[in-house]
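Before any comments, here is the structure.
The values are calculated or read from the model by the stated rules, or taken from the named source; none is laboratory data. Note that this is a predicted model, so its numbers are computed, not measured. As a convention, Cβ positions derive from the backbone with ideal geometry for all residues, glycine included, and neighbour counts pool all protein chains shown.
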Amino acid sequence: MEHIQDQTLYQVHLGDLFDGPMDLLVHLVKKNEVDIYDIPIASITQQYMEYLEWMKSVNIDVAGEFLVMAATLTYIKSRMLLPSHDEEGDEEDPRMEIVRPLAEYLQFKYAAEDLMERDRLDWDVFLRKGLNGVEAWPDGYPEGFTQVSLFQLIDAFQEIVKRVSPRYFLDVTPETISVRNRISQIADILEDRGSVTFRELFDTEVTKTDIIVTLLAILEMAKLQLIRIMQHVESGIIRIFRG
Amino acid sequence: MDNLKAIIESLLFVAETPLKLDKIKSVLEVADRKAIRDALSSLAEEYESDNRGFFLTEVAGGFQIRTRPEYGRWIRRLKETRPPRLSRAGMETLAIVAYKQPVLRSDVEFIRGVDSGGTLRTLLERGLIRIMGRRDLPGRPIIYGTTRKFLEIFDLKDLNELPTLKELKDLGETWPNDSR
């Protein structure tokens, strides 16, 4: 019993050490101070394998991606050993299979570092309102609109439910429409038109389930800040804008 | 308007998000964009030459007053809460979305060689990336792009201000820092 407890206690995910096989490969190439366009494939493959072995021995859970990379490296190594049948010598270096993605991955590592070196808001530079400033809506409120309160939204929703003929409420067939799908549809509408009234989104809905799915989709999108729900100051019409 | 500069300064003082030139124009009902632009650059120069604790910067398509980066450590001491920091994986993923957008999850995973669903979700929740739509492919995969908040946080006027990948590579003749 104690033994099992120990095992779970020390189990580490490889991802905690390296963000995937590419990251481990970058680490090895760097450690060996070799040019990525001229990787000593046999030596790097061996070190890569030793790493996986060591990780297994200290009870680190080796994810599938690491094994795929191990297979790729071994394959390249074996191709390097085979004599070339191409007399003209324009056969591609087998190592390019790993060099190209590695070079691309490195570019983004540089890009990420470059971003971190910028004057980051709420870390290096601050606004008078601090964090709240950034959390606010990106554009401020559209002209003539104010942010809608939860109760106003509930009122509007009840109005819509009332409009639906009661006979549809008897529908008990399992519904297949998913919230995710509805989110996608609403995103498409907003993509085309920029904004849509709250009521319009329910115009095509006939069953209670449809209405609930639409409401859930709107709330989910608001939570993810994909949309802004606003109310016109004068007319009281609730309109949904792209976030 | 002879006090144009002071009026614009007052707007910048209360604005919660970067103030667009067109917004200033419509608020002030001044037709002359150049006058506004001149007032803004004059303000920026004033803050600079007076060695103020803040400066005027152009970010995310607007103008904003921000504290100087060299005083960041004092403000961090004043504030008790710290913004959640992004992991290395998060930054890597964000960089890929920023440069390759509009981009699919599978594109990100192809470059990183590792599952990136969780990382993308975190970036989405933090408002740094957004769903731009869906590709007309099997499964209708989500298309990701960066947000205005991304520009605000990383002090970017627009996406064109990001250095090109080639420029980064030339800078990066040395290896990226290994913060491990």
TODO: Take segment B:128-154 and flag every residue that is crowded, with 21+ Cβ neighbours inside 10 Å, over 16 Å from B:PRO18 (Cα atoms) and within 7 Å of chain A (Cβ to nearest Cβ).
DONE: B:ARG130
- [ ] Test A:LEU102 against the stated conditions and say whether it is more than 21 Å from the chain's Cα centre (by Cα) and either part of a strand (DSSP E or B) or at pLDDT 90 or above (or both).
- [x] yes
Task: Residue list for segment A:30-63, restricted to those being at pLDDT 80 or above and small (Gly, Ala, Ser) - done: A:ALA42, A:SER43
TODO: Give the residue that is farthest from B:PRO141 (Cα to Cα), with candidates limited to residues of segment A:175-219 that are of a type in the set (Gly, Ala, Ser), part of a helix (DSSP H, G or I) and at pLDDT 80 or above.
DONE: A:ALA217
Task: When residues of segment B:62-75 are limited to those that are more than 8 Å from every other protein chain (Cβ to nearest Cβ) and not hydrophobic (A, V, I, L, M, F, W, C), the one nearest to the chain's Cα centre (by Cα) - done: B:GLY62
Task: Any hit, segment B:76-83, residues being surrounded by 17 or more Cβ atoms within 10 Å (Cβ to Cβ) and among the β-branched types (Val, Ile, Thr) - done: no
Open item on the list: Given the condition β-branched (Val, Ile, Thr), away from every other protein chain (no Cβ under 14 Å) and surrounded by fewer than 20 Cβ atoms within 10 Å (Cβ to Cβ), answer yes or no: does some residue in segment A:193-201 qualify?
Closed with: yes
- [ ] Report, ordered by the first and then the second residue, all pairs with beta carbons closer than 6 Å, sequence separation of six or more or different chains, a first member in segment A:208-232 that is farther than 11 Å from A:VAL179 by Cα and polar (S, T, N, Q), and a second member that is modelled with pLDDT of 80 or more and assigned to a loop (DSSP other than H, G, I, E, B).
- [x] A:GLN225/B:GLY127
TODO: Please verify whether segment B:92-103 includes one or more residues that are buried (at least 18 other Cβ atoms within 10 Å of the Cβ) and at positive phi.
DONE: no
- [ ] Can you confirm whether segment B:86-97 contains a residue that is in contact with a Leu (Cβ under 8 Å, 6 or more places away or on another chain) and more than 30 Å from B:GLY117 (Cα to Cα)?
- [x] no
Open item on the list: Checking B:ASP32 against (1) within 12 Å of B:PHE63 (Cβ to Cβ); (2) without any contact (Cβ under 8 Å) to a residue 40 or more places away in the chain; (3) among the charged types (D, E, K, R): exactly one of these is not met. Which one?
Closed with: (1)
- [ ] Go through segment B:76-120 and give me each residue that's among the charged types (D, E, K, R) and at the interface with another protein chain (Cβ under 10 Å from one of its Cβ atoms).
- [x] B:ARG76, B:LYS79, B:ARG82, B:ARG85, B:ARG88, B:GLU92, B:LYS100, B:GLU109, B:ARG112, B:ASP115
Open item on the list: Being at the interface with chain A (Cβ under 9 Å from one of its Cβ atoms) and in a strand (DSSP E or B) is the requirement here; does B:THR17 meet it?
Closed with: no
Open item on the list: Show me the helices (runs of 4 or more DSSP H) entirely contained within segment A:21-83 in which 2 or more residues are within 13 Å of chain B (Cβ to nearest Cβ) and under 25 Å from the mean Cα position of the chain (by Cα).
Closed with: A:21-31, A:64-81
- [ ] Return the pairs, sorted by first residue and then second, in which the second residue is surrounded by fewer than 16 Cβ atoms within 10 Å (Cβ to Cβ) and not polar (S, T, N, Q), the first residue lies in segment B:63-76 and is touching a residue at least 12 places away in the same chain (Cβ under 8 Å) and part of a helix (DSSP H, G or I), the beta carbons are less than 8 Å apart, and the residues are 6+ apart or on different chains.
- [x] B:TYR71/B:GLY53
Task: Positions within segment B:26-50 being surrounded by fewer than 16 Cβ atoms within 10 Å (Cβ to Cβ) and either among the acidic types (Asp, Glu) or within 14 Å of chain A (Cβ to nearest Cβ) (or both), in sequence order - done: B:SER26, B:VAL27, B:GLU29, B:ASP32, B:ASP38, B:GLU45, B:GLU46, B:GLU48, B:ASP50
- [ ] Exactly one condition in (1) modelled with pLDDT of 90 or more; (2) under 28 Å from B:PRO83 (Cβ atoms); (3) not charged (D, E, K, R) is not met by A:PRO138; state its number.
- [x] (1)
